[in-house]
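Report on one structure; see the data block that follows.
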Amino acid sequence: MNIDSHSHLLPAVDDGVEEIEESLAILEEMKLKGLQRLYLTPHFFSPRSPTDPAEIMKRWHEFRLELNNHSVEVLLGSEIFLRPEVLESDLIAMGESNCLLIELSTQRKPHYLLEVIEKLQKKGFRIILAHLERYHYLFKRGGLIFGKTEPTDDIHKLRDMGVLFQVNWNSLDKDPNARVLVDRRIADITGSDKHKRGDNRLIIDFHDDRYRLFLNDSFL
Ligand SMILES: [Fe+2]
């Protein structure tokens, strides 16, 4: 099945789409590229785009039928910014699954990274780390000069813990971190992370062979 795991197309809740018409237009473009299932993943706990879970649920109930009327299955999830407080909150998982899409600070490694993820796993959640290529502190340079980027031990540790890694489709062409994750078969899932029309993020072309490098269908 052709699945986009990551999008901000639930209107008027975060820094994504504002109007349902825009969501439907993007959905139509995605459908032409072969999309069969889309997860809406509004920000949750994000310091850059604060949201209210009640508002997310309200918008979801307002728009779910309209969004699902286009021969693409549209499900609600969320993109949860990792903080210790998430352990005390009701979290929105991906559709009916037990998967949580978790994002990290792009600035510095949270000191509670492994601890909070482990506690979420103990609560029964499967963790997907969103756009892993963005967290520069999880990569190192391999060689002395012009060295290739390498995943750090943290990535291997997270993998050993059973964490899944999502890479943005848009990063495949240009991001060395994304490339090494795909080349080493460390990347599990891809998503568009589409926010708006004209946001310069490519929508997934499911006819492109590179989609077969991912296992979206196995986990979501
Ligand atoms: Fe996102």
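The chain: longest stretch without exposed trypsin sites (Lys or Arg not before Pro) (DSSP loop, at most 13 other Cβ within 10 Å), sites themselves excluded?
On the way: sites that count: 48, 108, 123, 148, 174, 184, 185, 197.
For trypsin sites (Lys or Arg not before Pro) (loop position, at most 13 other Cβ atoms within 10 Å), the longest site-free span of the chain is 49-107.
In this simple spin-label approximation, residue 1 and residue 85 carry label points 7 Å from Cα along the Cα→Cβ vector, and these lie 3.3 nm apart. Checking every one of the GluC sites (Glu not before Pro) in region 1-70 against DSSP loop status and a limit of 14 other Cβ atoms within 10 Å picks out 18, 19. When the pairs 33/196; 31/174; 174/194; 58/194; 33/148 are compared against a 23 Å limit on Cα-Cα distance, 31/174; 33/148 fall above it. Treating each Cα of the chain as an identical point scatterer and ignoring solvent, apply the Debye formula and state log10 I(q)/I(0) at q = 0.19 Å⁻¹. Calculated log10 I(q)/I(0) at the listed q: -1.53.
With the simple model of a label 7 Å out from the Cα in the direction of the Cβ, residue 111 to residue 152 spans 1.5 nm.
Start at zero, step by 5 Å, and the Cα-Cα distances of region 36-136 spread as 2, 12, 22, 23, 19, 12, 6, 3, 0 percent across the bins.
Within region 116-194, list the chymotrypsin sites (Phe, Trp or Tyr not before Pro) lying in a DSSP loop whose Cβ has at most 14 other Cβ atoms in a 10 Å radius.
On the way: sites: 125, 135, 137, 139, 146, 165, 169; in loops: 125, 135, 146.
Taking region 116-194 and a limit of 14 other Cβ atoms within 10 Å, the loop chymotrypsin sites (Phe, Trp or Tyr not before Pro) found are 146.
Between residue 213 and residue 140, the simple label model (points 7 Å from Cα in the Cβ direction) yields a spacing of 2.4 nm.
Give me the Kirkwood hydrodynamic radius of region 152-220 in Å, from all C-alpha pairs, to one decimal place? Don't skip to the answer; put the middle values down first.
Values: mean 1/r = 0.0779 Å⁻¹.
Hydrodynamic radius (Kirkwood, Cα only) of region 152-220 equals 12.8 Å.
The numbers here are math on the coordinates, done by the rules we state, and not lab data. In this text, all values refer to a predicted model and were calculated from it rather than measured experimentally. A quick note on method: Cβ atoms are made from the backbone with ideal geometry, for glycine too, and the neighbour counts reach across all protein chains shown.
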